[in-house]
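Written out below as structure tokens is the structure these notes cover.
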Amino acid sequence: MADRLTSEQIERYSRQIMVPDLGGKAQMRLCQSRVLVIGAGGLGSPAALYLAAAGIGTLGIVDADKVELSNLQRQILHATADIGRPKVESAKISLTALNPDVDVIIHPVRFDESNAEQIAKGFDFIVDGSDNFDTKFLVNDLAVKWGIAFSHAGIVRLQGQVMTVVPGKSACYRCLFKAPPPPEEILNCQASGILGAVAGTIGTIQATEAVKYLAGFEDGLLTDRLLVYDAKNMRFREVEVRRDPQCAACGNGTGTTATTQL
Ligand code: ZN
């Protein structure tokens with residue numbers, strides 16, 4: 001790994017290097033960082049594009065699906081000509097075209113307990129762009145166990161929510177939601193719909209948090225609070241999240257456990 005930026009990198013990243021809170025040192029850190037994006041869909045698309053544009057050294061992309069026509073309204077990594085192609089392949093083409101410096105590692109599988117450790121090993125940050133509660137709880141529990149910071153997010157209709165978890169320092173997703181909701185209460189994109197730009201806003205916040213964390217921001221991360229976005233009324237509000245000492249993931253484990261067992 002080079003220990004200084006090339007003149008091409010300095011030009012490519014000049015507008016963020018100029019930002020006083022970032023600078024060349026932070027850019028070097030970004031170029032040496034590894035981010036795993038789970039899901040190349042509505043959240044993962046904007047997140048991965050901004051992370052690639054920002055010069056994250058290695059991007060891992062996990063998704064088992066193929067591109068469908070109904071994805072294109074929000075999953076901006078993919079184009080019409082990609083229909084039928086595995087999403088991870090389409091993602092790699094888009095991200096490499098945007099920034100050939102980024103090493104894109106793809107996994108055309110569903111992220112689950114059987115492959116999680118092998119996929120996530122060595123990553124510095126995880127963007128959870130998954131669309132189901134089983135994966136969200138799995139990502140939380142494993143990231144907490146392994147000490148990998150991550151961004152949780154969820155979107156439905158005209159609403160979104162997002163929170164950053166820094167294991168050992170902040171509340172985790174399971175401190176807030178003890179277990180997945182019963183199936184009859186679950187709203188998802190497929191059944192309920194989603195405005196593409198809402199996914200874009202939330203996925204972009206996830207990328208912003210990843211960059212801040214990796215650049216070494218000590219304060220100001222979206223930790224211990226869930227940011228809730230109501231696009232219909234164009235309002236953001238925050239829900240304070242406290243670390244639960246009995247949390248089954250980050251506490252002493254005496255709290256309620258869910259179906260996801262480690
Ligand atoms: Zn917790």
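The values are calculated or read from the model by the stated rules, or taken from the named source; none is laboratory data. Small disclaimer: the values here were computed from a predicted structure and weren't measured. Cβ placement follows ideal geometry from the backbone for every residue including glycine, while neighbour counts extend to all protein chains displayed.
Structure notes:
- Restricting VAL156, VAL198, VAL144 to those that are aliphatic (A, V, I, L, M) and free of Cβ contacts under 8 Å to residues at least 40 places away in the same chain reduces the list to VAL156.
- Residue match in the stretch 225-241 (condition: within 12 Å of the ligand (Cβ to nearest atom), at pLDDT 95 or above and either surrounded by 12 or more Cβ atoms within 10 Å (Cβ to Cβ) or within 21 Å of the chain's Cα centre (by Cα) (or both)): yes
Residue-by-condition table, conditions (1) assigned to a helix (DSSP H, G or I); (2) under 23 Å from THR208 (Cα atoms):
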site: ASP21; (1), (2): no, yes
site: GLN27; (1), (2): yes, yes
site: GLY41; (1), (2): no, yes
site: SER45; (1), (2): yes, yes
site: GLY84; (1), (2): no, no
site: GLU89; (1), (2): yes, no
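- Residue in the stretch 139-146 that is among the small types (Gly, Ala, Ser), buried (at least 19 other Cβ atoms within 10 Å of the Cβ), closer than 23 Å to GLY253 by Cα and within 13 Å of the ligand (Cβ to nearest atom) present: yes
- Test: residue in the stretch 180-193 that is over 12 Å from the mean Cα position of the chain (by Cα), within 16 Å of the ligand (Cβ to nearest atom), farther than 13 Å from ASP128 by Cβ and in contact (Cβ under 8 Å) with a residue 60 or more places away in the chain: yes
- Whichever residue in the stretch 49-78 is assigned to a helix (DSSP H, G or I) and in contact with a helix residue (DSSP H, G or I) (Cβ under 7 Å, 6 or more places away or on another chain) and, among such residues, is surrounded by the fewest Cβ atoms within 10 Å (Cβ to Cβ): ALA53
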